[in-house]
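Please read the structure below before turning to the comments.
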Amino acid sequence: MQPTIYIPNLDGSSRLARLLESLEGQTRPCDAVVVDNGSRDGSVAMTRERFPWVEVLELDRNLGFGRALNLAIAERPGDPILLVNNDVECEPGFVAAMLAALQPGIEMVAGVLTQRASPSTVDSAGVVADRRTLMAFDYLHGRPVTEVATAPPPLAPTGGAALYRREAFEEVGGFDERIFAYYEDLDLALRLRAGGARCALAPEARASHSYSATLGSRSGNKYALTGWSRGYLLRRYGVMADPRGAARTALCELAICAGQVFMDRTTRGIGGRLRGWRDAAGLPRRPLPAASLTEVSLGASLTRRLRRRRDSAPG
């Protein structure tokens, strides 16, 4: 079984080169496909010149994360499907550990991303989500990496280090191409889990991660995209239909948007949420896999977000 690694890229030539160098040192061979979303920084030329073993799918414009990956997976089929972001560097045993965790009855595997500035600290070991607000969090973020060995599996992998069985991925239709970027991995996770798919955690599949290297962790562009995805998912999954969930969700969204306005001087997250909610109108509601979700209080949700903000601060 030789997996295919799919790597989305947008103007990330130097980061991409470091990732591909790390893939050349894997103890388990793998194929790799770089799907380039219209880069203008020489990413394509660099890849073809320095890494001729890598296939390149060159797009003439930015199609977004999910749509670009769906296209690459369809045109360059591989099984299993391994997704890695261009802002990670994989340890030599990463691919081997991901494959080892793909046991019978498992449809997806979460790798472990560590913080580049603190390699002994987890950045993300997958994604988890609150059942009432559908707020997503990086699993084990900020915890010592030694805790991963005994941790239960998350809801699903994060898109930065994920493995899926091709059959399971295709059965749910792959990524929702309406979502341009951010939370598409959560949406895929919810659909897979609702269909009965199971996730495993691969404790030894480690990769160093630079958080939000493409758009920046506090940029207006990122807030607009995350806001759209948030509004879209809240409506698609009927989160606001439950009065208790609706009240908690409204308070959570209000606090997040207020923080963006007062700390980052941008209202683009608000506009994004309104557009996402509008764009989900008339679309069929998707079922929530309630048993796979967690219970997170409003205070804990906001504390986790503040911790993520602190840990992603420049320098």
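Quick notes
- If you plug the beta carbon distance of Arg286 and Ala45 into 1/(1 + (r/R0)^6) with R0 = 45 Å, you get a FRET efficiency near 0.65.
- The chymotrypsin sites (Phe, Trp or Tyr not before Pro) of segment 1-106 meeting both criteria, a DSSP state outside H, G, I, E and B (loop) and at most 16 other C-beta atoms within 10 angstrom of the site's C-beta, are Trp53.
- Dividing the summed -39500 (n - 2.57) terms of all DSSP H runs of n ≥ 4 by the residue count of the chain sets its mean residue ellipticity at 222 nm at -12000 deg cm²/dmol.
- Potential extension, Glu295-Thr150 segment - 0.36 nm per residue separation minus Cα distance: 50.1 nm
- For Arg67, net neighbour charge (Lys/Arg +1, Asp/Glu -1) across residues whose Cβ lies under 12 Å away: -1
- Calculated SAXS-style log₁₀ I(q)/I(0) at q = 0.11, 0.17, 0.23, 0.29 Å⁻¹ - segment 137-206, Debye, Cα scatterers: -0.29, -0.66, -1.09, -1.46
- Dividing the convex hull volume of the alpha-carbon atoms in segment 158-301 by its residue count gives 137 Å³ per residue.
- Neighbour cut-off at most 10 other Cβ (10 Å), DSSP loop, trypsin sites (Lys or Arg not before Pro), segment 233-315: Arg265
- Length gained when the stretch Thr121-Glu24 is fully extended (0.36 nm per residue, less Cα-Cα span): 32.4 nm
- The spread of Cα positions in the chain, taken along each principal axis and listed from longest to shortest, comes to 54, 42, 40 Å.
- Evaluated at q = 0.11, 0.12, 0.16, 0.22 Å⁻¹: base-10 log I(q)/I(0), Debye formula over Cα of segment 11-114: -0.34, -0.41, -0.74, -1.34
- P(r) of segment 220-311 over all Cα-Cα pairs, binned every 5 Å from zero, in whole percent: 3, 13, 20, 26, 21, 13, 4, 1
- Distances between placed amide hydrogens fall under 5 Å for Val127 paired with Tyr139, Leu155, Ala156, Thr158, all partners being 5 or more residues away or on another chain.
Readers should treat all values here as calculations from the given coordinates under stated rules, not as data from a laboratory. Computed from a predicted structure; not experimentally measured. With ideal geometry, Cβ positions are generated from the backbone for all residues, glycine too; neighbour counts draw on all protein chains shown.
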